[in-house]
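First the structure, in the form of structure tokens, and then the observations on it.
The values are calculated or read from the model by the stated rules, or taken from the named source; none is laboratory data. Bear in mind that the values here come from a model prediction, so they are computed numbers and not experimental data. With ideal geometry, Cβ positions are generated from the backbone for all residues, glycine too; neighbour counts draw on all protein chains shown. Quick note on the areas: whole protein, heavy atoms, side chains included, nothing else; ligands and nucleic acids left out. Shrake-Rupley method; radii C 1.70, N 1.55, O 1.52, S 1.80 Å.
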Amino acid sequence: MGAKLKVAGLLAVGALAGAMTTLQLQANARESLAPLPLEELQQLAAVFGMIKSDYVEPVDEKKLISDAIGGMVAGLDPHSQYFDKKSFKEFRESTGGKFVGIGIEMGMEDGLVKVVSPIEGSPAFRAGLKPGDLITRIDDTAVKGLSVDQAVKRMRGEPNTKVSLTVLRKSENRTFPVTITREEIRVQSVRAKMFEPGYAWIRVSQFQDRTVDDFARKVEDLYKQDPNIKGIVLDLRNDPGGLLDGAVAIASAFLPPDVVVVSTNGQIADSKATFKAAPEYYLRRSGSDPLKKLPAALKTVPLVVLVNEGSASASEIVAGALQDHKRATVMGAQTFGKGSVQTVRPLSADTALKITTARYYTPSGRSIQAKGIVPDVWLDETAEGNVFAALRMREADLEKHLQGADEKKDEAREKAREEARQKLEEQFAKSKETPKPLPEFGSAEDFPLVQAFNQLRGKPVIVSKTAVERQAEAPEDKQ
């Protein structure tokens, strides 16, 4: 594998996370606001007819129409999307927090699948897989050379089917086979632990259907372990977003009742809304409020929110709300900058349209579109500095991203990223070794997390000496 592909592989898990879809609002389809352009529609029909009659091989009509819809939507912005049957199923799995597989949180290391953590109670957990294990083969296919998505698809499948893995356990210097039966996995989007006596770590990796319930349960467990918690780090690094109500709920857990969490604004009436720290703004179904029983101390406990370039949309809503209300110190790196709302509208039982319908604004009225949340305290990824930060894509780097009227192309940002990429590739070409992967989030070697806890304890914080705010989107009028 060439140096460029090695570097790209190291970035694949976290670097593109911010580009994932985030917010989902309930809305009904609207009738067209203007008459249909008949001449252009006639051209579309003529092209369809020519392809059907003249193309070198027969073309499936349904696929042709599906591709036309997909192309039309893809031309809007990076986050609007047409869901066919397969992609709609995958989308519902991602937001629902359920899928069929073996049950591991994974990353990539040296071109192999690395087990970051087996999900408790999952088939992988019961089979004895451990954090740090490297999967070298999936059935008869070598993992080296596969992309992250390709590896994931090979490990997923139908319930009660088996997958054979070859596992390298470096700590024991051995390789061994294991056969695991796939089953439905419920993703744990919230992890939490007492990092040290008196100080807790809560990580939200994505805002899914179960996130609020999981968050409430984890917080209750933390306060059972220590009713007098002195400080909490809410870790939103590489959290690509998810469901709007989940973001409103998590922010509400720390904020005073009824303060504004986020507002949205767009072309249609349903897109103009304000969401506050109250159950009616985050409970989608009838039932009890999962946050109701949380300790009152959660509203006042010293709080740090940890973010990076992979923190996007729903996670930016939480960070922005807590920052605007001066409820938390935001630490880390400037976030991804996805300040748009996507509405999912079913087209049939198996297909849907995810379309950008609004921008969202923090409580003070800030639009973070293409800018992101700027931290109060800048941190590097490691004690030695930033390894991959300059390489990571952000909203402003995406083609066709929503722009302000006066936004200018950030050529300096593009130049810096390209120079950083070339530097890493040259280092690899000379040493034949890839840069060391960053430590696992939540570990004792997690440099930004250690600095966050130093902030809470009043100890010296090693702040970044090189990080600077990236060019923001030009100011725009809020309609």
* To do: Enter the accessible area per residue of the range 94-243 (Å², integer; probe 1.4 Å; all protein chains in place).
  => 44
* Structure fact -> Averaged per residue, the 1.4 Å probe accessible area of the range 281-336, protein heavy atoms only, in Å², is roughly 36
* Structure fact -> Given pairs LYS230/LYS292; LYS170/LYS465; LYS114/LYS276 and cut-off 28 Å on Cα-Cα distance, the over-length ones are LYS170/LYS465; LYS114/LYS276
* Give the residue from ALA352, MET393, LEU322 lying farthest towards the positive end of the charge dipole for the range 298-405; charges sit on Cβ (+1 for Lys and Arg, -1 for Asp and Glu) and the dipole is referred to the Cα centre. => ALA352
* Could you pull out every residue, at least 5 positions away or on a different chain, whose amide H is within less than 5 Å of the one on GLU109? Hs are placed 1.01 Å off N in the peptide plane, and Pro or chain starts have none. => LYS114
* Asked: Mind listing which trypsin sites (Lys or Arg not before Pro) in the range 95-158 are in a DSSP loop and have 16 or fewer other Cβ atoms within 10 Å?
  -> LYS144
* In the range 92-161, what GluC sites (Glu not before Pro) fall in a loop by DSSP, with at most 11 other Cβ atoms inside 10 Å? -> GLU120
* To do: Please give the residues of the range 86-111, grouped as numeric ranges, whose backbone N is less than 17 Å from a label point set 7 Å along the Cα-to-Cβ vector of ARG284.
  => 88-99
* To do: Quickly work out the LYS52-to-MET194 label distance, labels modelled 7 Å from Cα along the C-beta direction, and quote it in nm with one decimal.
  => 7.0
* Asked: For the range 291-399, rounded, prolate or oblate, judged on the Cα gyration tensor with a ≥ b ≥ c (square roots of eigenvalues), a/c < 1.5 rounded, else prolate if a/b > b/c?
  -> oblate
* Could you tell me which of PHE207, SER87, VAL115 has its Cα farthest along the dipole of the range 70-223 towards the positive end, charges placed at Cβ (Lys, Arg +1; Asp, Glu -1), taken about the Cα centre? => VAL115
